[in-house]
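Trainee: Mind having a look at this structure? Questions to follow.
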Amino acid sequence: MVARVIPVEKFDLVIFGATGDLARRKILPGLYRRWKEGQIPKGAKIVGAARSDIPRDDFRSMVRAALEEFLNHKELVDDKIASFLEMLDYVTIDAKGDDGWDMLGSMMRPEMVRAFYFSVAPSLFGGIAKRLHQRGIADRNSRIVVEKPFGKDLMTARALNATLAEYFHEDQIYRIDHYLGKETVQNLMAVRFANILFEPLWNSQFIDHVQITVAETVGVDGRGEYYDSSGAMRDMVQNHLMQLLCLIAMEPPHSFEPDAMRDEKLKVIRALDPIKPGEYVRGQYRGRGEEDYLVDSGNPDSRTESFIAMKMHISNWRWKGTPFYLRTGKRMKSRVSEIAVTFKEPPHSIFGESNQWRENVLVIRLQPDEGMDLRVMIKEPGPGGMRLKDVALDMSFAEALGNDLDIPDAYERLIMDVIRGNQTLFMRGDEVEAAWAWVDPVIEGWELREDQPEPYEPGSTGPEGALMLMHKDGRRWREIR
Ligand code: NAP
């Protein structure tokens with residue numbers, strides 16, 4: 001089965017920071033894939049912008065090299081690459097200066113959807129927004145796409161929201177969280193709200209607990225200075241994990257419209273209880289050489305966490321009594337992102353003591369191998385009497401829908417949504433602020449107490465304390481294989 005492709009309108013897309021890592025690794029390869037699949041129409045234009053003073057042809061060569069580096073060779077089709085590169089233009093602009101903007105303005109065409117992707121350091125967001133507005137390069141129908149991090153606490157996030165709001169309306173601002181663009185995350189919405197099967201059980205009466213794991217094998221990956229001033233709580237929990245938690249926990253919205261969805265997510269964040277000491281564990285990988293966080297981050301005195309596990313409570317009718325356990329870390333055993341919803345025991349077993357009951361678990365895998373599985377109890381086949389066994393009803397999307405299914409990367413989907421003007425999978429300003437309002441006091445608490453993160457072995461599943469966080473509740477983390 002081949003994914004259905006509905007072309008978007010013609011557009012002018014400007015990528016600020018087009019020579020940077022994110023643009024080369026994700027944005028430009030993603031755009032090429034959408035072009036190759038026929039979703040981007042002929043006549044669309046992509047303009048790269050950065051300070052580097054390079055001619056358009058050098059920019060095109062750089063993009064070709066990026067496609068060759070970051071896409072697999074099956075995707076590299078000569079004539080598609082050539083026609084994609086034809087679409088590209090380049091303008092030299094220092095976001096803090098005055099040169100180049102008129103040139104950029106002259107490249108924009110009337111009657112086209114205009115989008116501006118801010119793939120630059122957050123300190124530049126305000127200046128770019130201001131110049132686009134003041135020089136009339138952006139109009140009321142234009143969109144801006146803002147990368148993470150969106151602030152480093154409530155105060156800075158508020159200030160950034162206020163700055164952007166001076167020049168753009170909320171319906172023009174696309175705050176990207178690429179986790180929301182993942183196929184599985186949207187499938188989670190479909191599973192919950194397009195089936196009658198799960199929703200009646202989706203509450204604390206039937207769900208024992210929920211686990212959300214985002215484990216990475218990489219370290220700070222050359223971003224030591226940024227990461228050390230951020231840590232796992234700001235870099236991962238405030239945005240990605242919090243968004244996943246919202247999608248699991250939210251009430252059914254009345255429609256899949258952006259504000260209907262975002263209103264419900266916001267209610268979840270506002271219903272989160274403050275977290276107390278003893279309900280979280282911070283860790284830091286401590287190995288040899290670069291596998292030691294203190295070396296990797298370049299800060300020998302660092303107290304920043306490269307791992308965090310925590311237990312969260314949502315104070316509302318649906319979830320009172322069902323804990324949500326979150327964990328995320330770097331240099332862990334393997335790269336895994338998943339949500340596991342563990343159901344409670346049936347009230348009575350008719351199969352006797354010898355049949356050990358295992359929990360029903362719905363696992364939503366974001367990485368690797370996007371898909372879902374549901375662990376259920378069945379009778380073990382054969383004549384050996386009524387022996388029970390738990391098995392996975394496995395649904396890998398690639399398998400279920402045909403191996404040739406082309407699942408777009410999160411960035412591809414989200415950029416196409418920007419062109420379509422659909423904000424459903426983007427964060428609204430008040431959501432981001434509410435998430436910071438919950439996160440800030442937790443961080444202030446450990447900074448005040450001068451908490452030291454607990455060391456863990458690189459390549460492990462995190463510090464001992466994280467295991468204890470579950471064990472003391474009589475539960476265990478799912479294995480990271
Ligand atoms: P990067 O590799 O450092 O690239 C920064 C880009 O900004 C370069 O193209 C640079 O080109 C341009 N730039 C720097 N100063 C500029 C200025 N004054 N005016 C105009 N352009 C300027 O950074 P990145 O990793 O691509 O990250 C970009 C943004 O995405 C950041 O906000 C980051 O937090 C976010 N992000 C990145 C990733 C990732 O995987 N890389 C993931 C999530 C979010 P010149 O030097 O030529 O100007």
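Trainee: Run residue 42 past the list (1) more than 16 Å from the ligand (Cβ to nearest atom); (2) part of a helix (DSSP H, G or I) and report the number of the one that doesn't hold.
Mentor: So residue 42 meets the others, but not (2).
Trainee: Let me ask you something else. Please list, ordered by first then second residue, the pairs with beta carbon atoms under 8 Å, 6 or more apart or interchain, first in the range 219-233 and in contact (Cβ under 8 Å) with a residue 12 or more places away in the chain and in a helix (DSSP H, G or I), second of a type in the set (Phe, Trp, Tyr) and away from the ligand (no atom under 13 Å from the Cβ).
Mentor: Final answer for the pair search is 232/307.
Trainee: Working carefully through the options 475, 481, find the one that is at pLDDT 95 or above, over 24 Å from residue 228 (Cβ atoms), over 20 Å from the mean Cα position of the chain (by Cα) and of a type outside the set (Gly, Ala, Ser). Please lay out each step first, then the result.
Mentor: Values: 481 fails: at pLDDT 95 or above.
475 is the lone residue from the list that is at pLDDT 95 or above, over 24 Å from residue 228 (Cβ atoms), over 20 Å from the mean Cα position of the chain (by Cα) and of a type outside the set (Gly, Ala, Ser).
Trainee: Now, a different point. Among the residues of the range 355-379, which ones are surrounded by fewer than 13 Cβ atoms within 10 Å (Cβ to Cβ) and touching a Leu at 6+ places or on another chain (Cβ under 9 Å)? If you could, list the steps in order and put the result at the bottom.
Mentor: Narrowing the range 355-379 to residues surrounded by fewer than 13 Cβ atoms within 10 Å (Cβ to Cβ): 356-357, 368-369, 378.
Selection gives 356, 357, 378.
Trainee: Give the residues of the range 233-249 that are buried (at least 23 other Cβ atoms within 10 Å of the Cβ) and farther than 15 Å from residue 214 by Cα, sorted by residue number.
Mentor: Listed by number, the residues that qualify are 246, 249.
Trainee: Then there's this: Here is a list: 130, 182. Which entry is more than 17 Å from residue 428 (Cβ to Cβ), at pLDDT below 95 and either in contact with a helix residue (DSSP H, G or I) (Cβ under 9 Å, 6 or more places away or on another chain) or buried (at least 20 other Cβ atoms within 10 Å of the Cβ) (or both)?
Mentor: On inspection, the qualifying residue turns out to be 182.
Trainee: Right, here's the next one. Residue 137: closer than 30 Å to residue 395 by Cβ and within 16 Å of the ligand (Cβ to nearest atom), yes or no?
Mentor: So residue 137 fails the test.
Trainee: Show me the helices (runs of 4 or more DSSP H) found entirely inside the range 102-203 where at least 2 residues are free of Cβ contacts under 8 Å to residues at least 40 places away in the same chain.
Mentor: Because the criterion is at least 2 residues that are free of Cβ contacts under 8 Å to residues at least 40 places away in the same chain, the helices (runs of 4 or more DSSP H) in the range 102-203 that meet it are 125-134, 154-167.
Trainee: In the range 90-100, is there at least one residue being more than 16 Å from the ligand (Cβ to nearest atom), out of contact with any helix residue (DSSP H, G or I) (no Cβ under 8 Å at 6 or more places or on another chain) and either more than 30 Å from residue 182 (Cβ to Cβ) or not charged (D, E, K, R) (or both)?
Mentor: no
Trainee: Then there's this: Regarding the range 219-228, can at least one residue be identified that is crowded, with 21+ Cβ neighbours inside 10 Å and within 23 Å of residue 434 (Cβ to Cβ)?
Mentor: No: the range 219-228 contains no residue that is crowded, with 21+ Cβ neighbours inside 10 Å and within 23 Å of residue 434 (Cβ to Cβ).
The values are calculated or read from the model by the stated rules, or taken from the named source; none is laboratory data. As the structure is a prediction and not an experimental result, all values here were calculated from the model. Cβ coordinates were reconstructed from backbone atoms using ideal geometry, including for glycine residues, and neighbour counts include every protein chain displayed.
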